[in-house]
Structure formats: structure tokens, C-alpha cells
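Notes follow once the structure below has been shown.
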There are 2 protein chains.
Amino acid sequence: MASDLHFEDFVPGQTYDLGSVCVSKDEIVAFAAEYDPQPFHLDEEAGRASMLGGLAASGWHTCAMVMRLLADGLLNRSSSKGAPGVDTIEWKRPVFPGDTLSATATIQKVRSLVTKPDLGLVFVRIAVTNQDDLPVLFWENPIMFAKREMAP
Amino acid sequence: MASDLHFEDFVPGQTYDLGSVCVSKDEIVAFAAEYDPQPFHLDEEAGRASMLGGLAASGWHTCAMVMRLLADGLLNRSSSKGAPGVDTIEWKRPVFPGDTLSATATIQKVRSLVTKPDLGLVFVRIAVTNQDDLPVLFWENPIMFAKREMAP
């Protein structure tokens, strides 16, 4: 596995383009049927009758699709060791069948770990827009990366 | 769709049992292959070499499985209208193949919406433990519910 990007390479203010993904109705319904079977994620009529205004993806599905972009576009060419959690998620707009989502990751701050000197935390803000350039999703989370200068 | 629980029914301190779910290696790998293809979620050897200590589920997969428990155990017998986001997620321990996850939802606070008088926000804390009763996941999020006494 390529591991080009290490903790030392991340600088606050940098933005990484994570590319884009298009979602179909079948994918929206399949995810919802397995993980989030609320009527407005499964059925067009229920979607239209809801605050979403139409059949729309589970917010967790949107996060999962963007996680794929983050893994392909950044983490899998880095020394990422995973994340302890997420600080905040904002679902700003519904995601409808046929929408194309584009994501960026912006480095907010970096911090060495006192207890694990071979690792550091990089705080990342993920921003996602749709094909109309309207905000769909934000999340912020700390991700652990190994340092290039590993402890012995 | 049954809609027994409305905004007025939620009181801070109440806890709802959401039941449990067991996860297999095949499910862990299938989710990761689609949404979070980091080596430690896909491959046993990479998992053992990682901080997780073994092939372990994507944290987003764990959230999705618990979302299913929340939908089946609470939201789909309520007037839920969806959620604007998540305030925090803590992934406390890895989820390994064969683990059984049990979840509860505890009501933290409730708040009427000034701009939408027929709705209210219920702030819920989700707590998830494994078969050894060890904490695996927490999240907190506000969920919108219709009031029983709907505005005209």
C-alpha cells in the first residue's frame, strides 16, 4: 500500500480535492432498506410528503459515499491509522437520485500525541456540494497519521 | 405507518432499548469494499498489523447498523421527521466479526422549534456496547418529531 502522505505533510489551510460520486435511486433504496428504513428514504410518495420533498438518501448513506471518496482520494495514499470519532456532522440538503456529490478535505489543525509519539492527529473538515454547487454535507473529524520519523 | 410516539411523549432521562445486532466478517468486508476500503477493514493481516488489532468494521458501518436499530426500535413507531445532523460520534472500541452490539437511546433534552411550531427537536444519546458489555460507540444527535397537537 502506498503511504506517501505522513503526519508531517499536513498543514492547516491545505485543501484536498476528493473527486465526486453520483448516486442512483436503486442505491439509495438499497442502503435504506438495509440500514435506515424510514419511509422517506424508501418510497417516492413518502419522500414527497416529507420535509425532504422527495425520496432522499439516508444521511448515513451520504456519509458512507463521501467516506469512500476520502479513502480513495486521501487516506489510502497516506499513513492513516483510523479515527477516534467525528466532532460534528451537518446534513444541509437532501440528496436525491441522480445527484452528483463533490467533496473536499481541508486541514484545520494538527497535533502531536503525547502518549503516542509516533502518531499525530490531523483535524479535517469535509465539505460536500451537489451538481448545483449547493452545500449538502459537512463533517469534521480528527484522523490519526503515523509520522515519517517513526519512534524506534 | 404507526406513529405512536410524538414530540410530547419524550422526556429527558427516558431510555429506550433498541435491541441488538450481530455482525459477520462477510458483512464487514462487503461494507468496507463499497464505502471504506482501508486495509484494516478489508484484510485480516492488515487488521492485525493495525492499531485495531484485527480485521474490524468501518466506524461508519457500525453507525449504519445502529441506525437500523434506532429506526426499527424507535423512529418507525414515531412521528420522526429526520435529523439535521449529529453533534458527536465516539468510536470507543473496534467491532470484530462475530461481535453482538446492543444499543440504547437516552433522551437528553427537548426543545420546541420557534420557526416550525408543529415540530420539536429531541436530543438523543445513543450508547452501544458489545457482548462483553464494553462501550463500542456513542453518538448524540437532535431528531425532529411532529407534535401530536399539530398546528393548523
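Assorted remarks:
- Other-copy label distances relative to A:VAL114, 7 angstrom Cα-Cβ extension, nm: 4.1
- Eligible aspartates and glutamates near B:LYS109 by straight Cα distance, threshold 15 Å, same-chain separation 8 or greater: B:GLU8, B:ASP9, B:ASP87, B:GLU140
- Inter-part distance, the range A:92-109 to the range A:11-44, computed on C-alpha centroids, equals 9 Å.
- Over every Cα atom in the protein assembly as shown, the radius of gyration and the widest Cα-Cα span, Dmax, amount to 19.4, 69 Å.
- Copies compared at B:GLY98 - label distances in nm, ascending, label defined 7 Å from Cα in the Cβ direction: 4.8
- Backbone phi angles across the range B:127-138, fed through the Karplus curve with coefficients 6.51, -1.76 and 1.60 (θ = phi - 60°), yield HN-Hα couplings of 10, 10, 10, 9, 5, 9, 6, 9, x, 10, 7, 10 Hz in residue order; Gly and Pro are listed as x.
- Computing Rg and the Kirkwood Rh from the Cα coordinates of chain B gives a ratio, Rg/Rh, of 1.05.
- For A:GLU8, label point 7 Å along C-beta direction: distances to other copies, nm: 6.5
- Contact order normalised by residue count of the range B:7-146, Cα under 8 Å, 6+ apart, percent: 30
- For the segment A:34-42, counting C-beta atoms of other chains within 10 Å of every residue's C-beta and taking the mean gives 5.
- Summarising the amide proton neighbourhood of A:GLN14: residues at separation of 5 or more, or on other chains, whose placed amide H is nearer than 5 Å comprise A:ILE107.
- Taking amide H as placed 1.01 Å from N in the peptide plane, the amide H of A:ILE143 sits under 5 Å from that of A:VAL122, A:PHE123, A:VAL124, each at least 5 places away or on another chain.
- Sequence-ordered 3J(HN,Hα) estimates for the range A:13-25 from the Karplus curve with 6.51, -1.76 and 1.60 and θ = phi - 60° stand at x, 4, 10, 9, 7, 9, x, 9, 8, 9, 10, 9, 4 Hz, glycine and proline given as x.
- Computed [θ] at 222 nm, helices only, for chain A once each DSSP H run of length n ≥ 4 contributes -39500 (n - 2.57): -6500 deg cm²/dmol
- Between A:PHE138 and A:THR15, the distance separating the two model label sites (each 7 Å from Cα on the Cα→Cβ line) works out to 1.3 nm.
- Histogram of C-alpha separations across the range A:68-152, 5 Å bin width, %: 3, 14, 21, 22, 15, 11, 7, 4, 3, 1, 0
- Less than 5 angstrom separates the built amide H of A:THR100 from those of A:GLN131, all sequence-distant by 5 or more or on a different chain.
- Sorting A:THR15, A:THR115 by accessible area puts them as A:THR115, A:THR15; the probe is 1.4 Å, largest comes first, and only protein heavy atoms count.
The values are calculated or read from the model by the stated rules, or taken from the named source; none is laboratory data. Remember, it's a predicted structure, so these values are computed and weren't measured experimentally. Positions of Cβ are backbone-derived with ideal geometry, glycine not excepted, and every protein chain shown enters the neighbour counts. When the accessible area is computed, the model is the full protein with side chains, heavy atoms only, and any ligands, DNA or RNA have been set aside. Shrake-Rupley method; radii C 1.70, N 1.55, O 1.52, S 1.80 Å.
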